[in-house]
1. Filter segment 297-337 for residues that are open to solvent by 10 Å² or more (accessible area, probe 1.4 Å) and in a loop (DSSP other than H, G, I, E, B); which is modelled with the highest pLDDT?
2. Go through 139, 68, 81 for me and flag whichever is open to solvent by less than 10 Å² (accessible area, probe 1.4 Å) and either modelled with pLDDT of 80 or more or of a type in the set (A, V, I, L, M) (or both).
3. Can residue 115 be described as closer than 29 Å to residue 468 by Cβ, of a type in the set (Asp, Glu) and modelled with pLDDT of 75 or more?
4. Check off (1) open to solvent by less than 10 Å² (accessible area, probe 1.4 Å); (2) at pLDDT 80 or above; (3) in contact with a helix residue (DSSP H, G or I) (Cβ under 7 Å, 6 or more places away or on another chain) for residue 152 and give me the number that stays unchecked.
5. Of the residues 105, 112, which is more than 30 Å from residue 393 (Cβ to Cβ) and either open to solvent by 10 Å² or more (accessible area, probe 1.4 Å) or assigned to a helix (DSSP H, G or I) (or both)?
6. Please go through segment 180-203 and pick out each residue that is at pLDDT 80 or above and either closer than 22 Å to residue 385 by Cα or crowded, with 18+ Cβ neighbours inside 10 Å (or both).
7. Where in segment 150-210 are there helices (runs of 4 or more DSSP H), lying fully within it, with 3 or more residues that are over 30 Å from residue 469 (Cα atoms)?
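The values are calculated or read from the model by the stated rules, or taken from the named source; none is laboratory data. Predicted model, so just to flag it, every value in this text is computed and none were measured. FYI the Cβ positions are ideal-geometry reconstructions off the backbone, even for glycines, and counts take in every protein chain you see. Just the protein is used for accessible areas: all its heavy atoms, side chains included, with ligands, DNA and RNA removed. Shrake-Rupley method; radii C 1.70, N 1.55, O 1.52, S 1.80 Å.
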Amino acid sequence: MDSLNSFILDVNDVFWTYLLIPLVVGAALYFTLRSRGVQLRLLPEMVRVLGDKSQPAPDGRKQVSSFGAFTISAAARVGTGNVAGVAAAITAGGAGAVFWMWVMALLGASSAFVEASLAQLYKVRNRDSDGKESGTYRGGPAYYMQRGLGKRWLGLVFAVVITLTFGFVFNAVQSNTIASVAQGSFGDDFPVAGAGVAVVVLLALVIFGGVRRIATVTQLVVPVMAVIYLLLGLAVVILNITDVPRVFGDIVGGAFGFREVAGGAVGAAIQQGIRRGMFSNEAGLGSAPNAAATAEVSHPVKQGLVQTLGVFFDTLLICSMTAFIILTTNPSLSERGGADLTQSALEDTLGGWAGHVLTLVVFLLAFSTLIGNYYYGESNIQFMTGTASRWVLPGYRVLVLGAVFAGALGSVDVVWNLADVFMGGMALVNLVAILPLSAIAWKLLDDYLTQRRQGLDPAFFRDRLPELPGEIECWDGSRSTGKAGKSGEVDASGEAGRSVPVREA
C-alpha cells in the first residue's frame, strides 16, 4: 500500500507542477482579462440574480431555480475539502497556501463563469424512459463538448472521468472523512462499519428520489451546515482576536517571505493552494456546470454569475474560516494533516464539546457533498446512454452506495491522493474544451449586458445570436427558454418586461 501511495504521489507532483497548474493559471488569467474581470465588476448582479424565481413546468411541477442549482453545486463544493483539505494544504504548504487559495479563487471564478454559462446554453431536456419530458434539464461539459465543439468522443471521455471521480473516488473521500472524524470524536471503539451503513441508507433515500429531491434536500442542508460552521469559526476568531494580525502576516509572509523562498516552501505553498483550492471550489474543474445546467433561468449568463458567486462563497468564506480556526489557535501542524487538525484547533479554544459539534458539521458537509457528487455522475451517465435507462441508473446508484461504504473503511492517504489524479484529469479535459468555447461565453455576456443597459431583466432566445455554433435545444422561444416570471415577463419576441437598475462593483 505504501509503494502504491508513493507512486500516486510522484505522478501527482509531475502532472500538477508541469502541466495542470500552468494551464489552470493561464486559463484563469486569460478569462479574467478577456472579460474585464467579470467575477468582480458584476458582483452586485450575482447577488440580485440569485433571488430569481423559476417558472413551473407545464404540468405544474416546480422547476429547479437558480438558488436550487447553486445549492446543488455548493453541496458538492462545500465538503471535507473545506475542513480536511484546507488543513492538509496548511500542513504541506504552510500558511502561505491560504494566500494562493485566495488568489486562485479570485482568478478561477472567471473559469466558473465561462463553464456555467456554456452549460446553460447547451443543456438538454430530461426525458423519462418512455421518451416523455420530465420538466427538468441536464447538461455540463460533456454536453457542450458534443454540441458546441462537435466532439462527442471528447464528451464521452469527460463523462467517464467525472463519473469515476465524483461518483466513486470523491464519494469515498467523503465517507472516509465522516468515519475518521467520528472515530476521533467518540474514540477508537467507534463502529466505523456501522457509520458506513448509516450513511449508505441515508444517501439511498435521497438519490432514489430524483433531481427535484436533491435540490430540495440541499437547499435545506447547505445553509444550515454553513451557518453552524461559520458561527464556530467566528467564536474562535473573536476569542483569539489579538492573533488575527499575526495570522494575516503569516499568510502573506508564507506566500512571499525570503525564508520561504530560500527553503523552497513558496513552491509548495503555491501547489497546495491551487490544488486544494480547486478541490474545494471546483472552478474550471468541470463539475459545477452539471448543476448549473439544471436551473430554469431566462438567460444563460444568469447562472454563470450565480456559479461564480459560489466560488467566492466556498473559498473566501468557508475555507478562510477553516484557515483562521487553525492559524489563530496555532496547534502543532507537524502532527496532524486533516480534519482532526481543525477538530483539535476548535477544542483548544472552545473545549471538547466543539469537537463533537464539528463531527456533526463534517457529517452535514460530507453528506451534502455525497448528494452533489452523485448527481454529477447521474447526469453524465445519461449523456453516455442517451436515455434515463431502466437499469443503468439504478445500477450506478448501487455502485455509488458500495463505494461510499468502502470509503468509510479505506486508507485516507491513498483515497485522497487518487482523488488528486482523477481531479487533474477532469480539469485538463474541461479546460481544453472551454478555452476555444469561451468566445461564445463573451457573446452571451455582451448580449446580457446590452439588455441590462436598456433597463431590462435579460432574456435569451436562440435567434438573438444566430451565429452561435452547435445544437442549442432549450432556447428556441418555447417554455424551455426559462421565461423570467415576476422578475421580468417575456413575450414571444424575446423582450423582457420589467426594468431593473444596473449596478457594477
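1. Top of the filtered list is 330.
2. Result: 139 is the single residue among 139, 68, 81 that is open to solvent by less than 10 Å² (accessible area, probe 1.4 Å) and either modelled with pLDDT of 80 or more or of a type in the set (A, V, I, L, M) (or both).
3. So residue 115 fits the description; yes.
4. So residue 152 meets the others, but not (1).
5. 105
6. 196, 199, 200, 203
7. Helices (runs of 4 or more DSSP H) meeting the threshold: 171-186, 192-207.
Quick grid of which residues meet (1) farther than 20 Å from residue 277 by Cα; (2) out of contact with any Leu (no Cβ under 7 Å at 6 or more places or on another chain):
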| position | (1), (2) |
| --- | --- |
| 419 | no, yes |
| 431 | no, no |
| 442 | yes, yes |
| 449 | yes, yes |
| 457 | yes, yes |
| 463 | yes, yes |
| 466 | yes, yes |
| 472 | yes, no |
